[in-house]
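J.: Before anything else, here's the structure in question.
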Amino acid sequence: MRLAYTDEGPGPAVVLLHGFPLGRAMWKEQVTAIGSMYRVIAPDLRGHGESPAPDGDYTIDEMADDVIELLDTLGLDVPVVVGGLSMGGYVALSLAERYPDRLRALLLMDTRAAADSPEAIAKREELAQAVLKAGNPGPAIEAMIPRLFSPWFVENRPELVAPLRRVMERNSARGVIGALRAMAARPDRTPVLARIRVPTLVLVGEEDAITPPVELQAMADAIPGARLEVVPRAGHLAPYENPPVANGVILRFLDEHPEPPPHPPS
């Protein structure tokens with residue numbers, strides 16, 4: 001599937017995968033800051049933003065395959081850094097399990113490895129039915145807005161909440177439903193964590209109500225050599241809510257793990 005994407009900056013590639021029900025626009029501050037030193041590639045995942053929203057249910061593995069297709073189209077056959085937030089983190093873990101040779105480092109942000117509980121699956125389907133009935137993503141937006149941001153951010157930075165609401169509103173009902181069912185059906189990738197062999201940064205907002213720091217600490221503990229960074233005054237969208245701190249953490253991690261020099265021709 002041909003994904004819409006942003007591709008800016010010099011240097012080694014860093015692929016950023018957005019959360020639900022958002023789009024690549026959430027990475028604006030990262031494209032500017034990280035893109036000053038690295039090549040930032042930020043796609044709209046299937047069903048979101050300007051990418052196609054096929055009929056039917058999606059899977060997280062299909063979303064991962066779309067990312068691989070994009071990298072192939074861009075001629076990126078060397079391992080790249082992949083960072084995923086929330087749903088994007090599910091996609092990143094699919095890549096880590098199924099395409100480990102395509103990754104040289106991993107950023108897992110405000111996400112989880114475990115599958116949905118039966119209660120969570122039921123809630124996603126209830127929300128999918130509400131979106132289907134409405135014919136627009138409105139019910140998903142109203143359900144997600146209070147959970148995505150920290151209370152401080154909603155109260156003090158409403159001018160930054162509004163642009164992401166508009167990003168969500170541009171998604172189709174079909175894409176939102178497909179993504180909800182993809183997340184509900186995703187496998188438990190907790191066993192994958194111990195098999196990750198690339199440098200990994202786990203990042204979480206201090207006030208993340210969906211995937212709280214204690215859960216992300218357990219994820220970091222399960223990945224060999226990984227470390228957790230907690231972003232203050234931020235909720236589930238930590239890189240968006242507090243970009244100076246998040247960008248600083250990410251850039252330090254990238255600087256600590258530079259791209260290896262190319263092999264000389266034989």
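A short reminder: the numbers here are calculations on the coordinates, not readings from a lab. Here the structure is a predicted model, which is why all the values come from computation and not from measurement. We place every Cβ from the backbone using ideal geometry, glycine too, and count neighbours over all the protein chains shown.
J.: Report the far tail of the P(r) of the stretch 149-258, meaning the percent of Cα-Cα pairs longer than 22 Å. Could you put the intermediate results ahead of the total?
T.: Values: 2813 of 5995 pairs.
That tail contains 47 percent of the Cα-Cα pairs.
J.: What FRET efficiency would be calculated for the residue pair residue 36, residue 101, taking the C-beta separation as r and a Förster radius of 35 Å, to the nearest 0.05?
T.: Numbers: r = 28 Å, r/R0 = 0.81.
Rounded to the nearest 0.05, the efficiency is 0.80.
J.: Could you put 111, 73 in order, starting from the residue whose Cβ has the fewest other Cβ atoms within 10 Å? Working shown, then result.
T.: Working: 111 28, 73 11.
Going from least to most buried by this count: 73, 111.
J.: Also: So what is the 222 nm mean residue ellipticity for the chain from helices alone, if each DSSP H run of at least 4 adds -39500 (n - 2.57) and you divide by all residues, rounding to the nearest 500 deg cm²/dmol?
T.: Details: 12 runs with 123 residues, N = 266.
Rounded to the nearest 500, the figure is -13500 deg cm²/dmol.
J.: Considering only 121, 137, 184, whose Cα is most displaced toward the positive end of the charge dipole of the chain, charges sitting on Cβ of Lys, Arg (+1) and Asp, Glu (-1)?
T.: 137
J.: Points 7 angstrom from Cα along the Cβ direction at residue 252 and residue 55: gap in nanometres?
T.: Those two pseudo-labels are separated by 5.1 nm.
J.: Taking neighbour counts of Cβ atoms within 10 Å as a proxy for exposure, in what order, fewest first, do 38, 5, 240 appear?
T.: Values: 38 22, 5 18, 240 29.
In increasing order of surrounding Cβ atoms, one gets 5, 38, 240.
J.: Order these by the 10 Å Cβ neighbour count, fewest first: 99, 90.
T.: Exposure proxy ranking, most exposed first: 99, 90.
J.: Can you compute the equivalent ellipsoid semi-axes for the chain, i.e. the square root of 5 times each eigenvalue of the Cα gyration tensor, sorted largest first and rounded to whole Å?
T.: Working from the Cα gyration tensor, I get semi-axes of 27, 21, 19 Å.
J.: List every residue whose amide H lies under 5 Å from the amide H of residue 205, counting only residues 5 or more places away in sequence or on a different chain, with H placed 1.01 Å from N in the peptide plane.
T.: 110, 231, 238
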